[in-house]
Amino acid sequence: LPLMMPPPNCRQYIPASGFQAWQFGGGIIKGSPSLTVGTDGVGYVAIRDNWNSLWMARVQGNSWLGWSYGGGIMSTDPQVAAGGTGTIYSVVQDSGNGAWYVGYTEGTTAGWQSWVQTGGVLPTLGPAALGGALYIAGRDVSNNLWWYRSTDSHWTSIGNQGVLAGALAAAPR
C-alpha cells in the first residue's frame, strides 16, 4: 500500500523489507491527498489542484496508472471512501460548506460519474461507504451531528449530546 506526501510522491512499504524508494507521481497538489483501496486492489488517490478542482490517480504497487480530472470547485481537501462494489466516492465541500460527492468507477482511466449535491451545509464532515452506499457524518455550526445516506439522499439529525470538538471520521459497522 503506497503512502502519500505532497507533491505526489509514492513510497511503498513491503513487510519484512521495509520502505522502498520514493517515486514521483506527477502533478502539483494543494492541501492533503486522500487514499482508499478499491475492490480491484488498486489505490485511488484524490487530490485538490491549485485551482481547487478534483483529480483522481490510480496507483498499483509502485506504478502510477495515471491521473483523471474530475472538475468541481472545492474549498477543502477531498476525502474518499471505497463503496465495495466498484465505485470510489470523493466527498468535497464548496465555499459555503455545502457537501457534494462524485463517484469514480474502479478500473477506468476516466470513470467519473455525475456530481451530487447532498443539500447539507456542514463545516466538518467525514465519509464512509458500505455495500455501494455512501455515508457522510457531519457536524453543523451548532455542533449538531448529522448522517447522510446516498441510497435515499437523506440527512438524519443525531443531535449534539456527547459530541466533542475536533475532526470527524466515519466507518461502517
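General remarks:
- Set of region 44-71 residues, backbone N closer than 19 Å to the point 7 Å along the Cα-Cβ line of residue 37: 44-46, 57-66
- Kirkwood Rh and Cα Rg combined as Rg over Rh, evaluated for region 41-173: 0.97
- With K and R counted +1 and D and E -1, the other residues having a Cβ less than 15 Å from that of residue 58 yield a net charge of -2.
- On the beta carbon distance between residue 69 and residue 121, with R0 = 25 Å, the FRET formula returns roughly 0.40.
- In plain terms, the chain from residue 142 to residue 30 could stretch by 37.4 nm, reckoned as 0.36 nm per residue minus the Cα-Cα distance.
- 3J(HN,Hα) couplings calculated from phi for region 127-134 with the Karplus curve 6.51 cos²θ - 1.76 cosθ + 1.60 (θ = phi - 60°) are, in sequence order, x, 8, 9, 7, x, x, 9, 9 Hz; Gly and Pro show x.
- Cut-off 14 Å (backbone N to label point 7 Å along Cα→Cβ of residue 153), residues of region 112-138: 114-120
- Listed values for region 136-142 are Karplus-derived 3J(HN,Hα) couplings in whole Hz (6.51 cos²θ - 1.76 cosθ + 1.60, θ = phi - 60°), namely 10, 9, x, 10, 8, 5, 8, and x replaces Gly and Pro.
- Centroid-to-centroid separation of region 86-119 and region 132-161 [C-alpha atoms, Å]: 17
Each value in this text was obtained by applying a stated rule to the coordinates, not by laboratory testing. Note that the coordinates shown come from a computational prediction; the quantities given were computed from them, not determined experimentally. Glycine also receives a Cβ, built like all others from the backbone with ideal geometry; neighbour counts cover every protein chain displayed.
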